[in-house]
Amino acid sequence: MTGIQTQALSALQETYRFIDTRLLPALDWPALSAAVAFRRNTPRPNTAVFSDTLPLVVYQALGGELVNALPLNACWLLHLLAARVFDDIQDEEGRDHPWHQGGLRQALPTGIGLQAAANLSLAHLQCDVETLAALLEVFGQATAVAARAQSLETGSDLADGALDRYFAHIGATTAEVFGAGAWAGGRLYHNEAEHLEALYTFGYNFGLYVAILDDCLDVADVAHGRFRLPVLYAASLQEHPAHPELLALLSQPTRAQHVDQVQRLLSEMGAVIWSANLATAFRQKAVDTLQALPQSVQEALIPYVST
Amino acid sequence: MTTLTMPQSVGRMQPDLAQKTREAVQLALEKGFGQEVVRPLTARAEEKLRILLADCGKCWN
């Protein structure tokens, strides 16, 4: 494990310790504790661990002490977990997740409770009132933008403009959220507008990178009629010999039974590798953005997105 | 009578998400969306991407 991975894991463990000792006991709500424990104990890929610690790592990169940003990172993590619960509800997925054990009656209040816990966490921050207001605003805005985009998503979209709608969707549901997370980590440390904007753009492009990689790894979304970047790219290759077969499979109501065939065609058409390559172009944009920040901050954050 | 005024924003200027979407689409087009990639990746570059995807799918905690 690299130094940056160790640092991210340590930051994550400290955040969970804060949630366990400072937030959950006062709420005395087993369903919330079960949801948090589930996220903590479920093995997560490296990009997800980095994502869970984004505000804290940014704050530390600027020179802040970990302990001062734990309430901010706990807020961030609980918002992400709440979003996961609401995603499951909307997509009718995750039946084995603890918040679904009592059906919607359990899942809905659990999601709301997690959002409430996220807000409560900010009450533990040691900061001035302007900073607190700015943090509440940035998280409130990002949550509203993401929720609105979730309400607008249409299924099986290969019509004209599908690429624009795809980027508008991941921009609102992931990139804007990551931009807000990086900005928040910076805002807790200082209020220098130019540097904060660079941190926002860094987070935004890192979010695009994470979202596209996620779409490369989970082609199973095709079964639910959600066509992500690899599918959009392959569907755009109208001259490719495999194009007619792909479109025929995607248009079938029974496409859930053909996910493996779609996966094979995407591979054959080079769609997953093309999409992963585009993801790395956004990662490079994230790195380039850091040039507006002091050398020490660049050196601390670049490994974070390059691992 | 006192009039309460709320600032439009207490922190960050709201980003132009439509503009950001256009920039992302533009990059995708520059990278060959809609066309079979004219300049294919080198074998080494492709291998690096495969390793990246494998690593992202891996869990290390």
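Quick note: the coordinates plus some simple rules give every number you see, no bench work behind them. Being a predicted model, the structure only gives us computed values, none of them experimental. Positions of Cβ are backbone-derived with ideal geometry, glycine not excepted, and every protein chain shown enters the neighbour counts.
Placing +1 on each Lys and Arg Cβ and -1 on each Asp and Glu Cβ, with no other charges, gives the range A:197-298 a dipole about its Cα centre of roughly 80 debye. Shown here is the pair-distance distribution of the protein assembly as shown: with all Cα-Cα distances grouped in 20 Å bins from zero up to the longest one, the shares run 28, 58, 13, 0 percent. For the range A:258-271, 3J(HN,Hα) computed residue by residue from phi via the Karplus equation (6.51, -1.76, 1.60; θ = phi - 60°) reads 10, 4, 5, 5, 4, 4, 4, 5, 4, 5, 4, 8, x, 6 Hz, glycine and proline entered as x. Look at A:CYS127, A:CYS75, A:CYS216 and count the other Cβ atoms within 10 Å of each Cβ; fewest to most, that gives A:CYS127, A:CYS216, A:CYS75.
In this Cβ point-charge picture (+1 for Lys and Arg, -1 for Asp and Glu), the range A:140-280 has a dipole of about 240 debye about its Cα centre.
The stretch between A:SER267 and A:GLN101 holds 56.1 nm of extra length on full extension. This uses 0.36 nm per residue minus the Cα-Cα distance. Fraction of C-alpha pairs exceeding 14 angstrom in the range A:177-248: 68 percent, rounded to a whole number. Could you tell me the distance between the Cα centroids of the range B:17-36 and the range A:147-169, to the nearest Å? For the range B:17-36 versus the range A:147-169, the Cα centre distance is 15 Å.
Across the range A:178-296, C-alpha contacts under 8 Å between residues 6 or more apart give a mean separation that, scaled by the residue count, equals a relative contact order of 35 percent. Put a dot 7 Å past the Cα of A:ASP87, heading toward its Cβ, do the same for B:GLN19, and the two dots end up 2.9 nm apart. Per residue, the average separation of C-alpha pairs within less than 8 Å and at least 6 apart gives chain A a relative contact order of 17 percent. Each residue of the range A:30-43 was assigned a 3J(HN,Hα) from its phi angle through the Karplus expression (A = 6.51, B = -1.76, C = 1.60, θ = phi - 60°), giving x, 5, 5, 4, 5, 5, 5, 4, 4, 5, 5, 8, 7, x Hz with x at Gly and Pro. Cα axis of helix A:129-152 to longest principal axis of chain A: angle in degrees, 0 to 90, nearest 10? Once rounded, the angle reads 20 degrees.
For the range A:1-110, applying the loop criterion from DSSP together with a ceiling of 11 other beta carbons within 10 Å to the GluC sites (Glu not before Pro) yields A:GLU65, A:GLU92.
Rounded to the nearest whole Hz, the Karplus-based 3J(HN,Hα) values (6.51 cos²θ - 1.76 cosθ + 1.60, θ = phi - 60°) of the range A:7-23 follow the sequence 5, 5, 5, 5, 4, 5, 5, 5, 5, 5, 4, 4, 4, 5, 9, 9, 10, with x at glycine and proline. Angle of helix A:295-306 to the longest C-alpha principal axis of chain A, folded into 0 to 90 degrees and rounded to 10: 40°. Ranking of A:PHE38, A:PHE206 by neighbouring Cβ atoms within 10 Å, starting from the fewest: A:PHE38, A:PHE206.
Note on A:HIS97, A:HIS124: ascending count of other Cβ atoms within 10 Å places them as A:HIS124, A:HIS97, the fewest first.
Among the trypsin sites (Lys or Arg not before Pro) found in the range A:34-105, those both in a DSSP coil and sparsely packed, with 15 or fewer other Cβ atoms within 10 Å of their Cβ, are A:ARG95. Using bins of 10 Å that start at zero, the share of Cα-Cα pairs per bin across the range A:153-286 amounts to 13, 38, 28, 14, 6, 1, in whole %.
Reported value for the range A:98-177: 118 Å³ per residue, from the convex hull of its C-alpha atoms. Relative contact order of the range A:182-247: 20 percent, from C-alpha pairs under 8 Å at least 6 residues apart in sequence.
Could you work out how far helix A:66-91 tilts from the main Cα principal axis of chain A, as a 0 to 90 degree angle to the nearest 10? Around 30 degrees separate the two axes.
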